[in-house]
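A quick write-up on the structure given underneath.
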Amino acid sequence: MRKDATLVSSLFLAAALILPAVNSWTAEGHAPRKAPPDAVMEAQTPREVPQNRPEQQKGNHDNSDLFSATKAEPSSTAFKNQPDEGKTLGFDFYRDPLDAKKPMTTFQEVYQKDVAEKPKVMETQRRLLESRYDLRPRLSPDVKMSRGKPIAVGPTARLSQGTSWERLAATPPGEIRSKNLFPYPPLPHPKQVNGGQVFPQMQIDMFPRLQRFDVDFDLPDAFLPEFPPAIFLQNRPELGDVSRGEVVSISNYYRLFKHLLTPVQLDGLRMLVTPFPQEEFNPTDDRKSENPSLGVACLDCHVNGHTTAQFHLSPDIRPQERRFRLDTVSLRGLFNQQIHASKRSLRSVEDFSEFEQRTAYFNGDEIHAAKKGMNVISRVQVAHMAQMQNMFDVPPAPKLDPAGYLAPERATQAELAGQKVFFGKGRCGVCHPAPFYLDQQMHDLQLDRFTREPGDGPIKTFTLRGIKESPPYLHDGRCLTLEDTVKFFDLVLGLRLSQEEQNNLVAFLRVL
């Protein structure tokens with residue numbers, strides 16, 4: 001009897017230990033941990049002090065409207081006889097916010113308008129997403145990311161009524177297009193007219209300075225990468241994940257890495273966690289954060305050298321309505337890549353680091369950068385940033401041999417069958433050859449064959465190493481899971497893979 005009671009107690013204790021581990025990737029059921037200090041927020045926030053000195057008091061002059069541009073006295077009375085009395089009455093770029101509807105628009109007017117529109121904007125996006133996807137996450141019981149977050153299982157796409165995957169695969173592209181049957185059309189930004197970088201709520205909870213007042217993130221956390229993501233260094237592979245469960249920032253980078261990086265790499269990391277003005281986060285009235293901001297850091301978007309699926313708009317296309325949603329990509333394995341950026345095809349990490357800060361931060365517009373805070377970084381510091389980015393490695397793949405193929409003795413039959421599909425009938429290996437699973441090229445999938453949108457043109461091939469840790473997929477995140485991605489390419493490439501072949505292909509992708 002005592003033995004049975006001991007066994008039952010042991011089982012309850014084991015369950016108590018296991019359940020928190022299973023749910024550890026969410027905040028549900030756990031007391032919130034105290035947020036780490038954010039040096040950027042502290043640096044841009046003045047302290048409250050007593051207003052007891054005479055020079056601190058505001059008088060009538062301080063509170064008057066004499067400082068308004070409309071109250072300025074002209075330098076000559078002769079202007080009364082000139083056109084518009086010598087005044088600039090139209091839109092003035094240096095002063096007025098982008099897309100202001102009238103000259104002299106104030107920040108408060110923009111703020112109030114965007115805040116009022118936000119509930120409708122996000123409700124519209126929610127309805128769109130729910131019409132396209134089943135957003136109830138189904139989590140894998142055994143496949144997890146490096147720090148334990150289970151991956152979501154698909155497919156999630158909703159098919160048109162009366163359509164099946166088998167019937168769709170047998171339908172010609174023109175008919176799919178004319179009947180609007182394609183289940184993976186482009187995923188839009190929730191507010192295209194404003195566009196810009198949008199951060200997931202789990203990141204904003206830790207860094208409130210990244211909150212926008214006009215738009216929120218739109219995809220559930222279950223379909224996103226881990227936060228914080230693991231960090232792997234190609235100069236210290238024996239250490240495995242070196243993140244220690246922290247988000248690297250200006251507050252902790254030195255403590256975490258002073259024993260792991262060279263002085264040059266450490267200085268590069270300092271630059272990567274230093275905020276610079278950006279289109280939506282800057283000190284001017286032309287911003288989308290409630291308070292003026294020092295900006296964002298490279299590793300605000302590429303968190304821990306990876307990503308949490310933040311999105312913005314491609315900086316390389318105009319006009320505004322032609323631009324497409326663009327997910328932040330991982331910097332893992334950047335050392336093995338010869339072209340950078342999805343459309344710009346930059347030929348060095350140094351160019352990418354410099355141009356990203358000077359142009360992509362500002363939607364590809366240096367004129368905006370000049371207004372909001374252009375920083376011309378010295379080429380020495382650019383080289384340091386590149387050195388650090390080249391240290392970020394992909395996650396270990398213990399089932400792959402040195403040539404990048406499965407070691408048969410370590411792989412399952414499904415994984416081996418999936419590898420055969422990958423390099424054979426699935427034609428994945430054409431653009432994603434081993435060992436790093438990319439071909440250093442740009443490819444055009446000609447999606448206008450299937451959708452009523454004009455297509456995206458050539459886009460860079462990204463590595464598939466560690467791909468299970470980088471959802472959602474494709475450049476705009478329209479495929480929420482690996483299963484969705486396989487379905488997408490089965491249709492686009494006309495592969496006609498059986499369901500078993502698709503399942504095996506997903507099994508292979510999970511171990512890359």
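The values are calculated or read from the model by the stated rules, or taken from the named source; none is laboratory data. Owing to the predicted nature of the structure, the values given are computational and were not obtained by experimental measurement. Quick reminder, even Gly has a Cβ in these numbers, built from the backbone with ideal geometry, and neighbours come from all protein chains shown. Areas reflect the complete protein model, heavy atoms only, side chains present, ligands, DNA and RNA absent. Shrake-Rupley method; radii C 1.70, N 1.55, O 1.52, S 1.80 Å.
Explain nothing, just the number: relative contact order of the chain, from Cα pairs under 8 Å at least 6 residues apart, as a whole percent. Please list the in-between numbers first.
Values: 758 pairs, mean separation 79.9, N = 512.
Relative contact order for the chain comes out at 16 percent.
Averaged per residue, what accessible surface does the range 46-204 expose to a 1.4 Å probe, in Å²? Please report the intermediate quantities before stating the final value.
Working: 10440 Å² over 159 residues.
On a per-residue basis, 66 Å².
For the range 37-119, just the Cα atoms, rotate onto the principal axes and tell me the three extents in Å, largest first.
Taking max minus min along each principal axis of the Cα atoms, the range 37-119 gives 57, 44, 23 Å.
Taking the Cα centre of the chain as origin and charging only Cβ (+1 Lys, Arg; -1 Asp, Glu), how large is the dipole, in debye to the nearest 20?
Numbers: 64 positive and 64 negative charges, 168 e Å.
For the chain, the charge dipole is close to 800 debye.
Which of the residue pairs LYS101/LYS460; LYS191/LYS372; LYS425/LYS487; LYS288/LYS371; LYS101/LYS288 have a Cα-Cα distance greater than 26 Å in the structure shown?
LYS101/LYS460
With a sphere of radius 9 Å drawn around the Cβ of PHE213, what net charge do the other residues whose Cβ falls strictly inside it have (Lys, Arg +1; Asp, Glu -1)? Mind dumping the intermediate values first?
Details: positive: LYS118, ARG212, LYS288; negative: ASP114, ASP214, GLU290.
Here the count lands on 0.
How much of the calculated P(r) for the range 227-355 lies past 21 Å, in percent of all Cα pairs? Write down the numbers at each step before the final one.
Working: 3902 of 8256 pairs.
In whole percent, the long-distance tail amounts to 47.
Using a Förster radius of 41 Å, what is the FRET efficiency between GLU321 and VAL49 based on their Cβ-Cβ separation? Nearest 0.05, please. Please report the intermediate quantities before stating the final value.
Working: r = 48 Å, r/R0 = 1.16.
Efficiency at R0 = 41 Å is approximately 0.30.
If you add up the charges near GLY333, with Lys and Arg at +1 and Asp and Glu at -1, over every other residue whose beta carbon is less than 13 angstrom from its beta carbon, what do you get? Write down the numbers at each step before the final one.
Working: positive: ARG332, ARG465; negative: ASP393, GLU469.
Neighbourhood net charge equals 0.
How much of the accessible area of the chain, probe 1.4 Å, is carbon plus sulfur, in whole percent? All intermediate terms of the calculation are to be shown ahead of the outcome.
Details: 14420 of 25910 Å².
The C+S portion of the solvent-accessible surface of the chain is 56 percent.
Stokes-Einstein diffusion coefficient for the range 171-229 at 25 °C in a medium of 0.890 mPa s, Rh from the Kirkwood formula over Cα pairs: what value in µm²/s?
It comes out at roughly 173 µm²/s.
In the range 240-275, which trypsin sites (Lys or Arg not before Pro) are in a loop and have at most 11 other Cβ atoms within 10 Å, using DSSP for the loop call?
Values: sites: ARG244, ARG255, LYS258, ARG270; in loops: ARG244, LYS258.
Passing sites in the range 240-275 are LYS258.
How would the range 159-311 be classified by its alpha-carbon gyration tensor: rounded, prolate or oblate, with rounded meaning a/c under 1.5 and the a/b versus b/c comparison settling the rest?
On the way: a/c = 2.99, a/b = 1.60, b/c = 1.88.
Taking the square roots of the gyration eigenvalues as a ≥ b ≥ c, the range 159-311 is oblate.
Please give the contour-minus-distance gain from GLN234 to ASP448: 0.36 nm per residue of separation, less the Cα-Cα distance, rounded to one decimal in nm. Present the calculation step by step, with values, prior to reporting the outcome.
Values: separation 214, 0.36 × 214 = 77.04 nm, distance 3.97 nm.
Once the chain is fully extended between GLN234 and ASP448, it gains 73.1 nm.
Step through the residues of the range 304-313 one at a time and calculate ³J(HN,Hα) from phi using the Karplus curve (6.51 cos²θ - 1.76 cosθ + 1.60, θ = phi - 60°), rounding each to whole Hz and writing x for Gly and Pro.
6, x, 10, 6, 10, 6, 4, 9, 8, 10
Please give the length that would be gained between GLN192 and GLN338 if that part of the chain were fully extended, namely 0.36 nm times their separation in residues minus their C-alpha to C-alpha distance (nm, one decimal).
49.5 nm
Contour minus end-to-end for ALA39 and ALA78, with contour as 0.36 nm per residue of separation and end-to-end as the Cα-Cα distance? Spell out each step's value before the answer.
On the way: separation 39, 0.36 × 39 = 14.04 nm, distance 5.30 nm.
This chain segment gains 8.7 nm when fully extended.
With the convex hull built on the Cα atoms of the range 114-232, state its orientation-averaged projected area in nm².
Values: hull surface 41.7 nm².
Over every viewing direction, the Cα hull of the range 114-232 projects on average to 10.4 nm².
Translational diffusion coefficient of the chain at 4 °C, 1.567 mPa s, Stokes-Einstein with Kirkwood Rh over Cα pairs, in µm²/s as a whole number. Write down the numbers at each step before the final one.
Numbers: Rh = 25.6 Å.
Roughly 51 µm²/s, to the nearest whole number.
Say a paramagnetic label sat at a point 7 Å from the Cα of ARG379, along Cα to Cβ; which residues of the range 352-371 have their backbone N under 16 Å from it?
352-355
Taking amide H atoms as placed 1.01 Å from N in the peptide plane, list the residues 5 or more away in sequence, or in a different chain, whose amide H sits under 5 Å from that of LEU139.
VAL153
Can you pull the three principal axis extents for the Cα set of the range 383-480, in Å, largest first?
The principal-axis extents, from largest down, are 47, 43, 23 Å.
May I ask you to evaluate 6.51 cos²θ - 1.76 cosθ + 1.60, the Karplus curve with θ = phi - 60°, for each residue of the range 419-427 and list the ³J(HN,Hα) values in order in whole Hz, giving x for glycine and proline?
For the range 419-427, the Karplus-derived couplings read 4, 5, 5, 4, 8, x, 4, x, 6 Hz, x marking Gly and Pro.
Tell me, what is the percent relative contact order of the range 450-505, built from C-alpha pairs under 8 Å that lie six or more residues apart?
Details: 26 pairs, mean separation 11.5, N = 56.
Relative contact order of the range 450-505: 20 percent.
What's the Kirkwood radius of the range 291-334 in Å, using all Cα pairs?
Numbers: mean 1/r = 0.0840 Å⁻¹.
For the range 291-334, inverting the mean 1/r across all distinct Cα pairs yields 11.9 Å.
Please find the FRET efficiency linking LYS71 to ILE367, where r is the Cβ-Cβ separation and R0 is fixed at 30 Å, and quote it to the nearest 0.05.
That gives a FRET efficiency of 0.55.
If amide H atoms are built 1.01 Å from N in the plane of the peptide, which residues on other chains or at least 5 residues away come under 5 Å of the amide H of GLY426?
Residues meeting the amide H criterion: none.
If we count every other residue with Cβ under 14 angstrom of GLY429's Cβ, Lys/Arg +1 and Asp/Glu -1, where does the sum land? Kindly include the intermediate steps, with their values, before the conclusion.
Numbers: positive: LYS420, LYS425, ARG427, ARG465; negative: ASP439.
Its environment carries a net charge of +3.
Taking θ = phi - 60°, what integer Hz values does the Karplus form 6.51 cos²θ - 1.76 cosθ + 1.60 yield along the range 103-108, in sequence order, with x for Gly and Pro?
Values, residue by residue: x, 6, 5, 8, 4, 4 Hz.
One quarter of the convex hull surface, Cα atoms only: what value does that give for the range 47-205 in nm²?
Numbers: hull surface 82.2 nm².
Mean projected area for the range 47-205: 20.6 nm², to one decimal.
Taking Cα pairs under 8 Å and at least six residues apart, what relative contact order does the range 65-212 come out at, in percent? Can you show the working numbers first?
Numbers: 75 pairs, mean separation 17.0, N = 148.
Once normalised by length, the contact order is 11 percent.
Collect residues whose amide H, placed 1.01 Å from N in the peptide plane, falls under 5 Å from the amide H of PHE276; neighbours closer than 5 in sequence don't count.
Amide H to amide H, under 5 Å and 5 or more residues apart or across chains, PHE276 pairs with VAL296, ALA297.
For the range 339-400, what is the accessible area per residue in Å² when the probe is 1.4 Å? Provide the component values of the computation, followed by the final result.
Values: 2400 Å² over 62 residues.
About 39 Å² of surface per residue is accessible.
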